[in-house]
Amino acid sequence: MSEQRRITVSEVMKGQFIEMDGLMTVAEAIQALVKESAHTLIIKKRHDHDEYGIVVLADISKKVLARDRSPERVNLYEIMTKPVLSVAPDMDIRYCARLFDQFGLACAPVLDKGQMVGVITYEEIVLHGLLALVSD
């Protein structure tokens, strides 16, 4: 029996991500997301003992658009999820996929020693990680 190749989160994660202050508005966030062709915002820590937050497109849709709130008047901190579940860069993508399933996640920040190094989504797990496994 051959040993399966191990693919880690760091091999498939997006190293580029948008980090914004929680006081920024949803309108400003939408502009940044469109400009960068992104779907996820990481909300910066306010101090060393704070935690990262996250805003995904579903948050904007459910908490702003569906409730007929003005994107110019809603701050990111009002709709973010905080604290956010994060993963380590050396985690096997199989365990990352299980974590996503168990907690209903679609994406997660990748933290290395408390510092943000990237973002992982199902897209990276499947299209890059699983593809690499089946290509071997």
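The values are calculated or read from the model by the stated rules, or taken from the named source; none is laboratory data. Model, not experiment: these values are computed from the prediction. Cβ coordinates were reconstructed from backbone atoms using ideal geometry, including for glycine residues, and neighbour counts include every protein chain displayed.
Structure values in brief
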{"item": "So Glu51, is it of a type in the set (Asp, Glu), surrounded by 13 or more Cβ atoms within 10 Å (Cβ to Cβ), more than 16 Å from Ile7 (Cα to Cα) and without any contact (Cβ under 8 Å) to a residue 40 or more places away in the chain", "result": "no"}
{"item": "Residue that is surrounded by the fewest Cβ atoms within 10 Å (Cβ to Cβ), among those in the stretch 65-89 that are under 16 Å from the mean Cα position of the chain (by Cα) and part of a strand (DSSP E or B)", "result": "Thr81"}
{"item": "Test: residue in the stretch 2-16 that is at pLDDT 95 or above, part of a helix (DSSP H, G or I) and under 13 Å from the mean Cα position of the chain (by Cα)", "result": "yes"}
{"item": "Residue check, Lys62 in a helix (DSSP H, G or I) and either at pLDDT below 95 or farther than 23 Å from Gly129 by Cα (or both)", "result": "yes"}
{"item": "First in the stretch 5-18 and surrounded by fewer than 16 Cβ atoms within 10 Å (Cβ to Cβ), second anywhere and among the basic types (Lys, Arg), Cβ under 9 Å, 6 or more apart", "result": "Arg6/Arg94"}
{"item": "Top-ranked residue in the stretch 90-136 [being modelled with pLDDT under 90 and in a loop (DSSP other than H, G, I, E, B); ranked as surrounded by the most Cβ atoms within 10 Å (Cβ to Cβ)]", "result": "Gly114"}
